[in-house]
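Let me begin by presenting the structure, written as structure tokens, before commenting on it.
The values are calculated or read from the model by the stated rules, or taken from the named source; none is laboratory data. Remember, it's a predicted structure, so these values are computed and weren't measured experimentally. Counting neighbours? That spans all protein chains shown, and the Cβs are built from the backbone with ideal geometry, glycine included.
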């Protein structure tokens, strides 16, 4: 920083200090007369909330008024007195101005600019906006200083707009010892008697009741006397009447006095402690209305006034009216431990607290909807006037409802609760405006499908329609009911008819069908024939040679319709011993109704025969024939009975028992009874009637064929797979020829050990030659086989990764089980190896030791059989060798022009991995006549996918093109020169059209085309490094041959001895040292130039510009 700047800052600081001191200095004020002085209180405007206030009082004022003047700005947030107030302090606590003893404040004004001359015109506040406290001080309340204070109360607004303000006060000297008097003169207290005319006679005056009371005093006395009456804590006790001769008397309201001369009424006051309560009124809002009180009157020194909270009735919350007062019996004045309450007079002026009910009107919201069969009720309301107190809530109880289409009234009774859940409804004047409830018919009718139920009955001769139905789709609303009004249709005789119906929907007794769209699906009425069974009566008699008949019947089931008549005929006859049917002729049956109409078709007649039986006469012989029973084991063939014997009775001589057909045979397992009929013949004559034959049936029995099936057994060495054998054999019994048996074996054993190989009994099935299931004809017994898995001996096996290698290809090689070789022991055919390795994969160039971390061996079924092998592991290696990358730069030549020769075109690059990018900088340059390599630098190979630098994975080989500058003759000095061992090409340009070019000769020998490339542009030749490095040092002649026998020659040189290269490297080293020394010198010189003067002079450093011109070029490939 300069000296002048420092001086400037000091001067500025001094100015600021001077200004600050000047600003902080007391403001001057005008000196007033001896009895009246202006106290200046200056306010410096520094912001609406940051005014600095300074009270200024001159020695003259203090001399005139003494030391008793005080200003109180209240206390700050910590309770400490405010000594350096701001406008914010005034707006919080106001200010209290206390005059010295012997003075009262007559005028208080806030002047905008402090000028007395402009005081009247610029006054913002007068004493009318203040109040006087008990000590006679003037209190300027905080509200006066608020920005939003009502200007009508003070005549203006104290807004702190940035001007300088002064509070001016005028004080008047008073004699505090002089009594406060009111002379009885005309116009002084209107409530007192009229004045006496001068020189008049005596007058009797009556002092009115109440004259001189406290309230009267405030109203009747002048402002100063009335003010003192309140603020000094005194109460009015009466009037002292004084005469000029010194006589006096005390008079009170109601007294009558006679005035004979001039007199003075002197108000009498008594010290008292006055509690003056201020009441209040508000609308109920749930918060207390609190009364405050002002206390007037002074306590004696050291006395303490005790007013307990229980003595106060200062607040009210609920609606109503109460008095804000004080229970004086609880008020005490203590002087130390002594109660001196009796030494004081107490006066209470109560206030009234009134809280009126909070008006609120609730409007019940109209409810409207389409018919739903459910009562529609009001469900919402709004507050249309008034409001709820904060935190209060209203709960309605709704009344009124409408179900059927129409309109009715919706009302509600409201209960209001406060935040604690208390019912505070009584504090509100609640009005309710009713809403309407309107139900209209449905616009989209409820769709119903009613299906009349089908009816089926037997013919009864009457016409009938169904009375049953069901709601087959749709649904009724609410409590609606579906009612059938009528049914149509019906038939009498057997057949089928349709039943239709008309329906209505009722809600209670009201028809609400208009809200529905009813589709009726007719029912079907079917009258079936009336079933009736008619049985011909049976009859029995002993053989007498005559025919037995019975022409009667019985209705054995069902009945005829009442009034119907049945007619029929019966045929049947039995003469010989035996039985025959007594048959009703079906064609003869006829039923008629009472009108004679044939109704036979309306009946389903079942006709049953009776039996006519002729028994042997009591003189016939009894004969018992028993059929012999037979049995066998099931063999698929039918078993039949054919033998019998007479087991009781005997045949007469010549008679022979002849069997009829046997009525039973049995093939499958079981039992069956066999019966047969027998006759007795004598020769060709049937004499059976001579006998009473009893036949005892025989029994056929087929027993189940026993057979035993045994499941096969099997065993194997453990291999991790389940051992099963689903085969069996019949080990006892045999199948019937042509029968086949199938069964399933369900055994399985995987781990070493044994288990049963059992046959599922539910799977056993035996079929005959036709495929029929005949399993039930066999008694099959099953036997289990055994499945045994033996231990597999552990085998030794050695696993190795082996030696692997590859040329870097940019891809990660991940090792798998296929990389493992079994170098000891054998792995069974079909087995496979899974393994994990360290490392898991390799990518970059290097030789890696590869170890097998874990091995899992699986058999041909994929089961883990690792525990069958004792595994040895040997490590292997994996080598990734560098990938050859060949960079071949282009050659160029020109005639010397003093400018550098460069060739920056993209070089040929071979050998890079796909998705790899090569970046390099071509640095080759040649300015003077001669040749040099077109070199590169800063070669970097990057993986384009990952962005990783992979240059280390390449072995980079360079083939440089040659940069050649020739002299003005068109040839380089001794031709271009090739440095032995270089890479790239040697560029030679010949002054001959390329057309007709046939080839080259070097030193008279034809040159193979693989040793060079050629192109047009005159004739441009690039000799390749592989050929040039085979030539000896020195000059060589190149000859280009063209068609027509033309040729062009030029020379070039080879320089490649070790000595030459060493010398060049030595020269390069010297130049490097010289360059370093030169750089060091520059740095030292720069230092001394910058810091060496000793005078502290500093030079600006030049900006260093990066990225300046250079002779290389960056290439991305």
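How many residues does segment 309-353 hold that are touching a strand residue (DSSP E or B) at 6+ places or on another chain (Cβ under 9 Å) and closer than 30 Å to residue 282 by Cβ?
The qualifying residues number 28.
Within segment 928-935, is there a residue that is at negative phi and at pLDDT 90 or above?
yes
Kindly establish whether residue 819 is within 30 Å of residue 718 (Cβ to Cβ), under 56 Å from the mean Cα position of the chain (by Cα) and either surrounded by 12 or more Cβ atoms within 10 Å (Cβ to Cβ) or in contact (Cβ under 8 Å) with a residue 12 or more places away in the chain (or both).
So residue 819 passes the test.
Anything in segment 638-648 that is within 15 Å of residue 672 (Cβ to Cβ) and surrounded by fewer than 16 Cβ atoms within 10 Å (Cβ to Cβ)? List them, or say none.
Listed by number, the residues that qualify are 638, 640, 642.
Might you check whether a residue that is part of a loop (DSSP other than H, G, I, E, B), surrounded by 13 or more Cβ atoms within 10 Å (Cβ to Cβ), in contact with a helix residue (DSSP H, G or I) (Cβ under 6 Å, 6 or more places away or on another chain) and not assigned by TED's automatic domain parsing to the domain that holds residue 872 occurs anywhere in segment 724-743?
Yes, segment 724-743 contains at least one residue that is part of a loop (DSSP other than H, G, I, E, B), surrounded by 13 or more Cβ atoms within 10 Å (Cβ to Cβ), in contact with a helix residue (DSSP H, G or I) (Cβ under 6 Å, 6 or more places away or on another chain) and not assigned by TED's automatic domain parsing to the domain that holds residue 872.
When you look at residue 953, is it buried (at least 19 other Cβ atoms within 10 Å of the Cβ) and under 60 Å from the mean Cα position of the chain (by Cα), yes or no?
Spelling it out, residue 953 is indeed buried (at least 19 other Cβ atoms within 10 Å of the Cβ) and under 60 Å from the mean Cα position of the chain (by Cα).
Looking at 853, 847, 811, can you tell me which residue is assigned to a loop (DSSP other than H, G, I, E, B) and either touching a helix residue (DSSP H, G or I) at 6+ places or on another chain (Cβ under 6 Å) or touching a residue at least 12 places away in the same chain (Cβ under 8 Å) (or both)?
811
Look at residue 480 and say whether it is out of contact with any strand residue (DSSP E or B) (no Cβ under 6 Å at 6 or more places or on another chain) and in contact (Cβ under 8 Å) with a residue 12 or more places away in the chain.
no
Evaluate the following for residue 414: is it more than 30 Å from residue 591 (Cα to Cα), touching a helix residue (DSSP H, G or I) at 6+ places or on another chain (Cβ under 8 Å), touching a residue at least 40 places away in the same chain (Cβ under 8 Å) and outside the structural domain of residue 560 (by TED's automatic domain parsing)?
For residue 414, the condition - more than 30 Å from residue 591 (Cα to Cα), touching a helix residue (DSSP H, G or I) at 6+ places or on another chain (Cβ under 8 Å), touching a residue at least 40 places away in the same chain (Cβ under 8 Å) and outside the structural domain of residue 560 (by TED's automatic domain parsing) - is met.
Just give me the residues in segment 385-404 being exposed (fewer than 13 other Cβ atoms within 10 Å of the Cβ) and either over 27 Å from residue 318 (Cβ atoms) or touching a strand residue (DSSP E or B) at 6+ places or on another chain (Cβ under 8 Å) (or both), in sequence order.
Listed by number, the residues that qualify are 385, 387, 393, 395, 397.
I need the strands (runs of 3 or more DSSP E) fully contained in segment 877-939, keeping only those with at least 2 residues that are more than 57 Å from the chain's Cα centre (by Cα), in contact (Cβ under 8 Å) with a residue 12 or more places away in the chain and within 23 Å of residue 976 (Cα to Cα).
Correct list: 883-888, 892-895, 930-933.
How do the strands (runs of 3 or more DSSP E) wholly within segment 405-496 filter down when requiring 1 or more residues that are under 41 Å from the mean Cα position of the chain (by Cα) and surrounded by 14 or more Cβ atoms within 10 Å (Cβ to Cβ): which remain?
Hits in segment 405-496: 406-417, 435-440, 446-452.
For segment 283-356, which strands (runs of 3 or more DSSP E) that fit wholly inside it have 3 or more residues that are farther than 29 Å from residue 426 by Cβ and either modelled with pLDDT of 90 or more or assigned by TED's automatic domain parsing to the domain that holds residue 420 (or both)?
In segment 283-356, the matching strands (runs of 3 or more DSSP E) lie at 304-306, 332-335.
Of the residues 593, 643, 635, 609, only one is in contact with a strand residue (DSSP E or B) (Cβ under 9 Å, 6 or more places away or on another chain), under 30 Å from residue 766 (Cα atoms) and touching a residue at least 12 places away in the same chain (Cβ under 8 Å); which?
635
Residue 626 versus (1) outside any loop (DSSP other than H, G, I, E, B); (2) more than 21 Å from residue 677 (Cβ to Cβ): which is the lone unmet condition?
With (1) outside any loop (DSSP other than H, G, I, E, B); (2) more than 21 Å from residue 677 (Cβ to Cβ) applied to residue 626, the lone miss is (2).
Within segment 702-716, identify whether any single residue is in contact (Cβ under 8 Å) with a residue 40 or more places away in the chain, within 30 Å of residue 857 (Cβ to Cβ) and not in a strand (DSSP E or B), and answer yes or no.
yes
Which strands (runs of 3 or more DSSP E) sit wholly inside segment 978-1022 and have at least 1 residues that are at pLDDT below 85 and exposed (fewer than 15 other Cβ atoms within 10 Å of the Cβ)?
Output list reads 1012-1016.
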